[in-house]
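Values in this text are rule-based calculations from the coordinates and carry no lab data. Values in this document were obtained by computation on a predicted structure and should not be read as measured data. Using ideal geometry, Cβ is built from the backbone for each residue, glycine included, and neighbour counts are taken over all protein chains shown.
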Amino acid sequence: MRISEFLEDDRGVSRMIGYLLTVGIAMVLVSGLFLSGGLLVSDQRDSTMRTQLDVIGNRVAGSLEAADRLVNSTERDPRNLVLSRSLPDSIVETSYTIEINSDNVVVEESGGPLAVTVNVETNATLSPTEVRGGPIEIIYDPASNELEVIRG
Amino acid sequence: MNRGQLYTLEGVVAGLVVLLAVLFVFQATSVTPQTVGATNQEDVAQKQVLAESTLQTVSDEQLEESVLFWNGSASPSSFHCTPNVTSFYPGRLDTGSCGNLSVSGSPPPVPPTEFGAILEAQFGTKYSYNVYLAYHTDAGLERQRLVYQGEPGSGSVTVDRSLAIFDDDELRNADGTHSGHTVNQSQFYAHDRHGSDLYNVIHVEVVVW
Amino acid sequence: MVTTDERGQMLLIGGVLLAVAIVALGIVFNGAVYTSVLAGQGQHDLSADSTIELQQDLRQMIGDGVRHAVRTESKLNNQQDEVENVVAGIAANLSTYEAQSNRLVNVSVNATIDGEYIAQNSTGNFTYNDSGTIKENWTMGSDVRVRDFSVNVTGTSGDDFEIRITGDDGETYTINLRNSTVRVIDPSGHVTSCSGTDLYPIDLTGAMLGNESRCNALDFFERVEPPYDIEIVNGDQVTGKYTLTIDTSGKGPTIEDRLYGVTVDLIYHSPSIDYNTTLRIAPGEPT
């Protein structure tokens with residue numbers, strides 16, 4: 001097209017460009033939708049993960065206290081006590097770790113910031129340890145009056 | 001571009017967008033929980049705790065009174081004041097008649113003993129329950145119904161306690177007093193399975209739903 | 001008015017809006033269902049607590065067995081045989097019953113605790129005849145544990161009759177029995193009491209008074225460090241009867257060998273718990 005023809009052309013805009021603009025805007029809208037949707041979902045996942053970590057933390061703490069109650073239910077210490085708990089290997093498709101301290105349990109997602117702490121009160125001492133999330137065993141050692149958590 | 005092709009293209013793109021959205025949503029729900037099962041789990045856990053704690057608060061004497069609340073001289077022998085066709089307490093259904101100890105209203109829907117009163121107080125309004133007495137025979141475990149309100153529904157919980165009955169334990173009268181007749185002298189639902197002083201071991205099972 | 005040019009765009013925009021709605025719904029439902037499922041999970045793992053309940057049932061059943069054994073048999077070795085047979089019977093029944101819940105339960109007698117039954121069966125002073133000398137202050141048992149200690153005071157000539165329980169740690173609790181009051185003085189001197197009519201016979205180990213009411217002051221027995229010494233002080237100031245069973249040997253007007261209790265080995269296996277322990281069962285012993 002010669003410049004003069006271009007200057008004399010009084011049409012608005014070519015249909016192709018109009019179409020491309022519309023589709024372009026629609027694509028932007030849709031990707032904006034997916035982005036915010038993705039953010040919302042990941043927020044949901046975070047709160048879900050936090051709840052799930054809390055549930056697991058309470059299960060572990062509750063099991064430690066139950067084992068302690070059992071140890072205290074007899075005059076002499078038991079010769080053997082092993083409690084098994086089949087916890088899930090991963091939550092919200094993420095693995096997690098269980099950390100046992102002297103008076104609490106910390107359940108943390110691997111490679112993430114989320115962690116939940118649950119307090120535990122027992123007569124027996126808790127052997128500080130850290131295990132990968134999943135099925136665990138709580139073992140009582142009468143010689144040292146200690147409760148130990150291992151991966152089982 | 002031709003109009004027809006344009007419309008087709010737009011329609012297809014719109015469809016693709018919706019499809020993508022749906023696929024995205026399905027991928028986001030990475031766990032498929034049983035929605036119906038979820039609410040039931042909490043209810044069941046609550047029921048379990050209630051049933052456990054109730055059975056634990058019953059004293060041994062109260063338990064023994066109800067286990068031995070048997071009329072050995074009736075024919076056929078049955079628990080005191082149960083309707084003629086059954087030998088157990090039918091829960092809330094109306095049946096025969098009897099003077100009773102601690103549960104008001106005749107006929108007694110539950111054992112007119114302190115154990116029955118505790119059960120009715122704890123479960124009566126919100127839940128249905130059965131009480132079975134499991135005892136040992138040469139063929140295995142048999143169950144004698146103490147309270148039967150029907151077949152347990154889904155989400156039922158069972159809790160149990162064990163009780164040892166000895167040869168010289170006495171059946172109780174309808175008013176709760178000792179009858180003077182020992183279990184091995186009367187028609188009792190369980191039989192003497194041991195040469196020693198032990199008569200049998202009864203397991204009281206409470207099913208709540 | 002939608003022109004033919006805009007109809008396609010309407011379709012596209014409609015599609016986008018639908019997609020928005022679908023994704024939003026998906027997010028909301030996903031979150032709601034997820035958290036409600038999680039809340040329902042992991043409630044109350046019961047396996048350790050049902051083991052404790054089984055132990056309680058065992059204590060009750062075997063305790064009853066001990067009581068029956070001493071009631072039906074008068075010689076210690078017959079009592080031992082009887083209680084061993086009873087425990088074997090209970091063990092067999094319990095194994096069968098628990099097996100249907102997928103649990104392996106094994107109960108056996110570890111040892112019997114052989115003790116003595118001390119009694120004053122005819123009304124008299126709570127004194128001790130030590131080869132001719134009547135002593136009003138004497139030690140009934142040293143380093144013992146006691147069960148079913150029942151005292152029936154029918155007359156008093158003074159208010160100073162005491163039963164002193166001295167624990168293994170040296171702390172002494174004093175029970176001062178009077179006509180219508182029971183006073184308990186703890187090691188620091190603090191006094192608690194129960195009063196009333198028809199107090200006797202008093203079950204000291206069970207903290208029950210003759211009028212069927214509880215005497216919480218007598219709960220101190222649960223806190224005494226075993227084994228303990230039992231001393232009688234000013235036994236000449238009261239008359240009455242008493243009976244008790246101790247787990248070794250002691251002194252008193254009449255003594256006979258009697259079964260005190262049993263220690264029982266418990267093995268408990270289930271998919272979630274492995275447990276092996278020994279229970280000490282003595283009916284009527286303050287826990």
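Relative contact order for chain C: 28 percent, from Cα pairs under 8 Å spaced at least 6 residues apart, divided by residue count.
Remark: the Cα gyration tensor places region B:112-209 in the oblate category, a/c being 1.5 or greater and a/b not exceeding b/c. When the Cα positions of C:Ile165, B:Gly4, C:Thr254 are compared along the charge dipole of the protein assembly as shown, B:Gly4 comes out farthest toward the positive end, with charges on each C-beta of Lys, Arg, Asp and Glu. Taking Cα centroids, how far is region C:156-210 from region A:90-152 in Å? The distance from the Cα centre of region C:156-210 to that of region A:90-152 comes to 48 Å.
Quick one: among A:Pro135, A:Pro113, A:Pro88, which has the greatest mean-square fluctuation in a GNM of chain A with alpha-carbon springs under 10 angstrom? Result for chain A, Cα springs under 10 Å: A:Pro113 fluctuates most. Using every Cα-Cα pair within region C:60-154, state what percent have a distance larger than 19 Å. Percent of Cα pairs beyond 19 Å in region C:60-154: 59. Starting from the amide H of C:Asp114, placed 1.01 Å from N in the peptide plane, find each other amide H under 5 Å away whose residue is 5 or more places distant or on another chain. Excluding prolines and chain starts, which carry no amide H, the hits are C:Tyr260. On the principal axes of its alpha carbon atoms, region C:116-204 extends 37, 34, 24 Å, with the longest extent given first. Each part gets one Cα centre, and for region C:212-255 versus region C:87-121 those centres are 27 Å apart.
So if I place +1 on the C-beta of Lys and Arg and -1 on the C-beta of Asp and Glu, and nothing else carries charge, what would the dipole magnitude of the protein assembly as shown be about its Cα centre? I want it in debye, nearest 20. Could the numbers behind the result be given before it?
Working: 39 positive and 86 negative charges, 461 e Å.
Once rounded to the nearest 20, the dipole reads 2220 debye.
Note that region B:171-182 has calculated 3J(HN,Hα) couplings of 5, 9, 7, 5, 9, x, 7, 5, 8, x, 9, 7 Hz, one per residue in order, obtained from phi through the Karplus relation 6.51 cos²θ - 1.76 cosθ + 1.60 (θ = phi - 60°); glycine and proline are x.
Less than 5 angstrom separates the built amide H of C:Arg178 from those of C:Arg183, all sequence-distant by 5 or more or on a different chain. For C:Lys241, the lysines whose Cα comes closer than 25 Å to its Cα, not counting residues fewer than 8 places off in the same chain, are C:Lys75, C:Lys135, C:Lys251.
Charges were assigned to the Cβ only: +1 to each Lys and Arg, -1 to each Asp and Glu. The resulting dipole of region B:137-209 about its Cα centre is roughly 260 debye. Distance between the 7 Å Cα→Cβ label points at A:Arg79 and C:Ser249: 3.1 nm.
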